[in-house]
Each structure stands twice: as structure tokens, then as C-alpha cells.
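Working notes, beginning with the structure itself.
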Amino acid sequence: MRLGNGSCGGILLSEIGSGRPLARKPRGPKRSRIFHALFPKTIKYEISLESYITSNNQMDKTQNKIAIVGLGYVGLPLSLQFACSGVQVLGLDIDPEKVEALNNGRSYIKHVPERLLAEQVYPRRLTASMDFARIQEVDAVIICVPTPLNKNREPDISFILQTGRAIAPYLRPGKLVVLESTTYPGTTDEDLRAVLEAGSGLKAGEDFYLAYSPEREDPANPASKVGEVPKLVGGLTPRCLERAMRLYGRAIKTVVPVSSCRVAEAAKLLENIFRSVNIALVNELKLVYDSMGIDIWEVIDAAKTKPFGFMAFYPGPGLGGHCIPIDPFYLTWKAREFERSTRFIELAGEINTAMPSHVVERTGEALNASRKSLNGSRVLVVGLAYKPNVDDERQSPSYRIMELLKQRGAAVAYYDPYVPVIRRTRDHPEWSGAKSVVWDRPTIAGFDAVVIATAHTSVNYQELADWGQCIVDTRNAMARVQVARGKVWKA
Ligand SMILES: NC(=O)c1ccc[n+]([C@@H]2O[C@H](COP(=O)([O-])OP(=O)(O)OC[C@H]3O[C@@H](n4cnc5c(N)ncnc54)[C@H](O)[C@@H]3O)[C@@H](O)[C@H]2O)c1
């Protein structure tokens with residue numbers, strides 16, 4: 001069902017189950033027939049979504065200034081989307097370099113256009129700061145901070161809790177807090193709620209509003225436009241849900257309510273677990289079919305001609321990025337509390353993490369065919385970013401491949417037009433300062449083997465076919481070019 005008057009792009013109210021009763025009766029507005037149709041079991045709710053839908057511009061004046069905490073791959077595009085929709089945005093981050101860049105209209109993320117950013121920064125619709133006391137100025141706070149795994153591969157929600165503690169002293173009655181970071185069910189209504197309540201002396205759902213809305217960003221994917229991707233929202237109470245929907249309705253075309261924060265948290269994990277498991281499946285089939293002399297890429301192309309019941313996933317050198325290799329294990333950890341195991345997740349993790357070793361083994365075979373060994377060979381890895389056309393190399397399997405090649409005695413270098421130099425990180429200190437090689441015939445021809453780990457579209461694969469001695473292709477990138485027989489090894 002689609003409702004709305006177009007000024008906020010329309011709100012999609014999908015069917016949702018029962019929520020919790022209101023802590024307080026809202027003043028004034030008429031009871032909505034639509035809302036009762038959507039919440040059939042909750043006749044006590046007194047939220048007028050109808051009045052929002054018909055006059056949201058007027059009601060939106062209560063949420064005209066927001067803060068977005070964490071100005072990374074999720075927070076920056078979201079800040080821009082709200083600012084472009086006419087909302088005053090204060091970006092908060094602990095990284096002084098990001099704050100400075102943003103205030104000078106400089107984009108530090110490749111796919112966030114500087115021109116668009118500058119258009120919002122110079123009229124000061126979008127500003128950045130490290131001063132959390134400025135939370136006092138805003139009506140709503142959206143949290144987009146990292147949710148990594150710790151060294152024991154358990155959820156590390158310390159960034160969320162730290163943010164909650166920083167916000168709490170400045171929370172005031174009527175403000176809305178929304179968590180967007182990917183996490184296990186219960187984080188918003190247990191962990192974040194606890195720190196916000198303890199630090200503010202206020203009660204969530206009564207004094208301030210609390211909600212969860214997962215980000216569905218897919219950087220560099222043209223289908224992933226922040227304002228166009230439907231946004232799930234779950235609130236602590238129906239009133240919290242309504243407030244959060246009203247906020248997102250200002251900048252996002254389709255807002256989909258669910259009955260609780262936990263459902264929204266669980267839905268995000270399902271989306272990412274679905275990807276992890278299906279990628280593992282094709283990675284496993286790649287090995288099985290390869291030993292039968294069957295090309296997995298051709299098999300997938302054939303299978304995807306089926307117009308129903310099949311969705312194509314592609315094999316690769318392993319999982320990368322901030323989401324798919326990490327998020328499923330948030331559920332694994334939480335499931336233990338309920339004495340449940342998550343065998344699909346564990347198995348997918350096992351198969352996907354074995355892929356870099358397979359790639360290195362294949363590189364060894366390829367060199368062996370030319371009477372060379374990995375030990376002493378010069379090997380170039382093409383593509384350090386974890387996926388095509390982005391500059392994000394976090395958790396990239398390319399690092400693991402480079403490490404394994406080095407352990408076997410190869411001299412390793414990389415080429416990535418989007419990562420000219422490797423920054424210092426906790427995860428890969430040994431590579432910090434390494435520079436991408438230049439792309440020219442003498443350089444590329446000087447390597448004994450080239451491993452394509454990520455297939456950026458800007459790379460000239462025909463030149464690689466012409467210049468490279470031996471190519472190990474994990475992405476089927478060479479399928480589209482003319483190449484001498486025996487030069488390409490699929491892995
Ligand atoms: N990157 C994606 O494609 C993507 C997609 C969907 C969901 N997510 C989820 O969104 C969340 C954020 O991911 P990201 O990729 O934007 O991370 P990121 O590392 O790019 O950005 C996080 C930002 O938060 C800042 N930060 C850290 N601690 C802070 C604190 N206490 N106060 C203020 N700022 C702080 C960091 O300096 C950084 O700028 C994660 O939970 C991630 O799983 C990411």
C-alpha cells in the first residue's frame with residue numbers, strides 16, 4: 001500500500017504485526033483508520049498517521065535539524081541525502097580529518113560527489129563538528145558508527161555504546177535517537193537504551209523516542225541511491241516508530257515500518273546472511289565444477305535464464321568489506337544466548353575464508369605450468385578494494401592473498417587506481433605505505449603472474465591480456481577480451 005502526497009516521496013506502509021502500547025497519549029490528533037487497519041490487534045493506539053500523511057510538511061517542522069554521528073561510508077551519503085531534502089544536518093565524528101574535509105566541502109569517499117557536497121556545505125545546510133554538546137541544537141540523532149568484530153570474532157558494539165554515552169547528557173524530552181549501525185537484535189532496546197537512559201535520566205519511549213533503521217547502502221551500485229532504497233524502521237513504541245518514519249519520510253522515498261527495533265535489526269542480518277550463504281554456495285560449486293572441467297561462470301549464466309526461483313550470485317576470492325564477512329557473526333554470538341547454533345553461517349564463513357588459499361594454490365599451479373615456483377616469483381594483485389569501483393579496502397581478501405603469496409616466498413605488489421597508497425590500519429600494519437604500481441607495459445610484463453582479485457571497470461583488461469605473462473582470474477574479467485590460449489587461469 002502506498003500512501004503520501006509526494007512531498008516526502010510517499011510512505012509505504014507494509015503490513016506489520018502488533019507493537020507495544022503507547023506510554024503516553026499524544027495530544028490532539030484524530031485516530032487514524034489507516035493505522036488501525038495496519039495494526040489490527042492494537043486498537044489502543046492513538047497515532048494519527050493520517051494527519052502526518054496529509055500535512056507532513058507542517059509536522060516536519062519539529063524535525064528540521066538533525067545530527068548524524070559517524071560520517072563514514074554510511075553517514076556521509078545519508079547526511080547529504082537529508083541536506084539535499086532541506087533538512088539542516090550537523091555531522092558529528094571523532095575523526096578531525098573528516099570533519100575538516102567536510103566543512104571545506106571536500107569529499108573523502110570516491111562515490112560521494114564533491115560538487116553535491118559543496119552545494120550543501122557552503123549554504124551551511126550541512127556542517128560537521130566533533131563537539132557532542134551541539135546535540136542540544138538538534139531534534140533527532142542518527143547513529144552510523146562502526147560495528148566490527150573483536151579479536152575473538154565477537155561483536156564489538158563499543159562504538160555504539162560510546163556514542164550513546166556521548167549523546168546522553170544532551171538528550172532532552174521529545175528528541176529522537178535512531179541507530180543505523182548493523183548489529184544483533186536487542187542492541188537498540190537493551191544496550192543503547194540502557195546507556196541513553198543512564199546518562200540522561202530520561203526514559204526511552206516516554207521522554208525521548210528510540211528507533212532502529214538499518215542502512216542498505218551498496219557503494220558504487222547505481223541501484224543504491226540513498227533516497228530511493230526502501231528504508232526499514234522499527235520503533236521502541238508505536239510513537240517512536242511514527243516519529244522515526246516522519247523523519248525518514250523527509251529524505252527517503254519509501255519508508256517501511258516493522259513492529260519493533262528487533263525485527264528491523266534481524267531483517268538487516270537476514271539480508272547479509274543471505275548474501276554470505278549464497279556466495280559460499282557458488283564458491284563451493286566453483287571448486288566442484290572445476291574438478292569436473294565445468295566452468296562455474298557459464299553455469300551461472302545458464303541458470304539465470306530461469307525467470308523465477310533463481311538469483312545469481314558469483315564466486316570470488318573471498319569476502320570483503322565492512323558487512324558480509326562480519327555481520328552474520330553478530331547473530332551467531334547472540335544465538336548462543338538462546339542456546340541456538342547458526343550452522344549455515346559458520347559453514348558459509350568456513351568456505352568463504354578458504355577462498356584466498358585456493359587462489360594462491362591456483363597461482364602456484366599456473367606458475368608451475370611455466371616451470372616457475374611461487375617462491376621467488378613476482379606476483380601482482382590487481383584490485384585491492386573489496387569490490388569493483390570503490391576505494392574501500394577494509395577486510396579485502398586481496399590482503400589475505402598478498403599475505404599468503406608473501407609467506408610462500410613471492411615478491412608481491414598491487415595495482416588499484418582507487419587505492420594509490422595503503423593507509424595505516426590496525427588490521428594490516430605491514431602493508432601501510434605500500435603504493436600501487438603504475439599501469440604500463442614494462443611494469444605489467446615484469447610480473448611472472450597477475451592475480452585479478454577485484455575487477456574495477458576502469459582497468460584495461462585487453463592491455464592486461466596483451467602485456468601479462470600469466471593471469472589468474474577470480475572474477476571472470478578476462479572473459480570479455482581476446483587473450484592468448486593458456487594465459488588465463490580461472491580461480
Ligand atoms: N559501508 C557499507 O556499505 C555499509 C552498508 C550497510 C551498513 N553498514 C553499517 O553501517 C555502520 C557504519 O559503517 P561505515 O561503513 O559507515 O563505517 P565507517 O568506518 O566508514 O564510518 C564510521 C565513522 O564513525 C566514526 N566514529 C567512530 N566512533 C565514533 C564515535 N564514538 N563518535 C562519532 N563518530 C565515530 C568514524 O570516525 C567513521 O568516520 C556499520 O555498522 C556497518 O556495518 C555499512
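The values are calculated or read from the model by the stated rules, or taken from the named source; none is laboratory data. No experiment lies behind these values; they were computed from the predicted model shown. Note that each Cβ is placed from the backbone with ideal geometry, even for glycine, and that neighbours are counted across all protein chains shown. Just the protein is used for accessible areas: all its heavy atoms, side chains included, with ligands, DNA and RNA removed. Shrake-Rupley method; radii C 1.70, N 1.55, O 1.52, S 1.80 Å.
Below, the figures for the structure above:
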| read-out | value |
| --- | --- |
| Region 371-391 residues that are of a type in the set (S, T, N, Q), paired with ones that are surrounded by fewer than 23 Cβ atoms within 10 Å (Cβ to Cβ) and at pLDDT below 95 (beta carbon under 9 Å, 6 or more apart) | Asn389/Lys110; Asn389/His111; Asn389/Pro219; Asn389/Ala220; Asn389/Asn221 |
| Flag for Ala455 being at pLDDT 95 or above, out of contact with any Leu (no Cβ under 6 Å at 6 or more places or on another chain) and closer than 30 Å to Ile109 by Cα | yes |
| The lone exception for Ala335 - which of (1) hydrophobic (A, V, I, L, M, F, W, C); (2) farther than 20 Å from Asp156 by Cα; (3) over 21 Å from the mean Cα position of the chain (by Cα) it fails | (2) |
| Selection within region 466-491 - more than 33 Å from the chain's Cα centre (by Cα) and open to solvent by less than 30 Å² (accessible area, probe 1.4 Å) | Gly468, Cys470 |
| Test: Val412 is buried (at least 18 other Cβ atoms within 10 Å of the Cβ), aliphatic (A, V, I, L, M), outside any loop (DSSP other than H, G, I, E, B) and in contact with a Leu (Cβ under 6 Å, 6 or more places away or on another chain) | yes |
| Selection from region 160-190 of residues that are open to solvent by less than 20 Å² (accessible area, probe 1.4 Å), in a helix (DSSP H, G or I) and within 18 Å of Lys65 (Cβ to Cβ) | Ile167 |
| The listed residue being open to solvent by less than 10 Å² (accessible area, probe 1.4 Å), away from the ligand (no atom under 16 Å from the Cβ) and closer than 25 Å to Tyr170 by Cα, out of Ala204, Ala280, Ala211 | Ala204 |
| Those helices (runs of 4 or more DSSP H) lying entirely in region 61-121 with at least 1 residues away from the ligand (no atom under 12 Å from the Cβ) and surrounded by fewer than 15 Cβ atoms within 10 Å (Cβ to Cβ) | 96-103, 114-121 |
| Residue identified as within 9 Å of the ligand (Cβ to nearest atom), open to solvent by less than 40 Å² (accessible area, probe 1.4 Å) and either at negative phi or assigned to a helix (DSSP H, G or I) (or both) among Thr127, Thr147 | Thr147 |
| Total residues in region 214-233, condition among the small types (Gly, Ala, Ser), under 20 Å from Thr254 (Cβ atoms) and within 11 Å of the ligand (Cβ to nearest atom) | 1 |
| Residue that is open to solvent by 10 Å² or more (accessible area, probe 1.4 Å), in a strand (DSSP E or B), more than 19 Å from Ile135 (Cβ to Cβ) and modelled with pLDDT of 95 or more, where the choices are Val233, Val256 | Val256 |
| One residue from Arg250, Arg193, Arg239 being closer than 23 Å to Gln162 by Cα and open to solvent by 40 Å² or more (accessible area, probe 1.4 Å) | Arg193 |
| Selection within region 175-194 - touching a Phe, Trp or Tyr at 6+ places or on another chain (Cβ under 7 Å) and either at pLDDT below 95 or more than 13 Å from the ligand (Cβ to nearest atom) (or both) | Lys175, Leu176, Val177 |
| Any hit, region 424-435, residues being more than 25 Å from Thr353 (Cβ to Cβ) and open to solvent by 30 Å² or more (accessible area, probe 1.4 Å) | yes |
